[in-house]
Every structure is written in C-alpha cells, then in structure tokens.
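Working notes for the structure below.
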Amino acid sequence: MRAAQLLYRESELMDDKRLFERFDMAFPALIECLRPKRRKRLFLMTTNLSAGGAYFNTPKPFPTGADVKVDVLLHDKGQESCPVINVTGRVLRSEPNGMAVLFNEDYEITAMEESKGPPFPALNCL
C-alpha cells in the first residue's frame, strides 16, 4: 500500500470517530483560555459546529491541549433574546490559521436578554 493510500485510509478512520454531525455555520463566539495560562479573550466566528465541538479560524490559536471556556451566541435578528451555549472544552488541534475545540459535556444553554447586553462586541439580538 502506498503512503498516499495509507494517509487517505487514516483520515477515513479519523472521520469515523466523529460522533456528531458537523454543520458549516458561522456564529459569534467568545473563547477564553483557562490553562495552561490565561490569555486575552478571543472574539471569533465558528467555521463549523457540532454537538461535540467547533472549529474557529484565527491567526492566533490557543495551543493544543489548552483548556478553554466557550460562549457561542446563536444570533438571530428579530428575536427578543438570543440563546447562548456556555461550555468548557479543550483545544484538540491547533493549526496556523485556526483551532478545533472539543466540548466537554458540562454545557448550558441560556437566553441572553437584550437588556443585559451581549458579551460580544457590537452585536445584539434585535
């Protein structure tokens, strides 16, 4: 078996490990590195999202293995409140132009009301 065929088969096996379907969706997210050391918060957009994690494009990704807190705003204009997914996770893969975050199971979905103001810059639900 040639190396190219082997790599292709390995990528097929990796894809088979995914438990949740991924969706190409862009939602605003606030990501904070909790460990190995605290860094400035990043305001990013999801590139794709699943029940198990998300991918974020960024020129300054957190390192692989970093523990993170993620708040994803399910932004939809015209609603009185916006659902926010609050979850912790770990950077599964860090690349020069982005990072894949694996979510923990400790998520919470809350409604962010307009009166409280969004934690996201220059966004609101209305």
Could we say that Glu108 is surrounded by fewer than 16 Cβ atoms within 10 Å (Cβ to Cβ), modelled with pLDDT under 95, touching a strand residue (DSSP E or B) at 6+ places or on another chain (Cβ under 6 Å) and more than 17 Å from Ala66 (Cα to Cα) here?
yes
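Go through the range 1-68 and tell me which strands (runs of 3 or more DSSP E), entirely inside it, have 2 or more residues that are touching a Lys or Arg at 6+ places or on another chain (Cβ under 9 Å), more than 14 Å from Arg93 (Cα to Cα) and modelled with pLDDT of 85 or more. Before you say what the answer is, go through the steps one by one.
Details: elements: 28-35, 42-50, 53-57.
Those strands (runs of 3 or more DSSP E) span 28-35, 42-50.
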Counting only residues that are under 13 Å from Leu102 (Cα atoms) and touching a Gly at 6+ places or on another chain (Cβ under 9 Å), how many does the range 53-64 have?
4
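Output the residues belonging to the range 17-49 that are among the β-branched types (Val, Ile, Thr) and closer than 17 Å to Asn86 by Cα.
Filtering the range 17-49 for residues among the β-branched types (Val, Ile, Thr) gives 31, 46-47.
Listed by number, the residues that qualify are Ile31, Thr46.
The values are calculated or read from the model by the stated rules, or taken from the named source; none is laboratory data. All values derive from a computational prediction rather than experimental measurement. We place every Cβ from the backbone using ideal geometry, glycine too, and count neighbours over all the protein chains shown.
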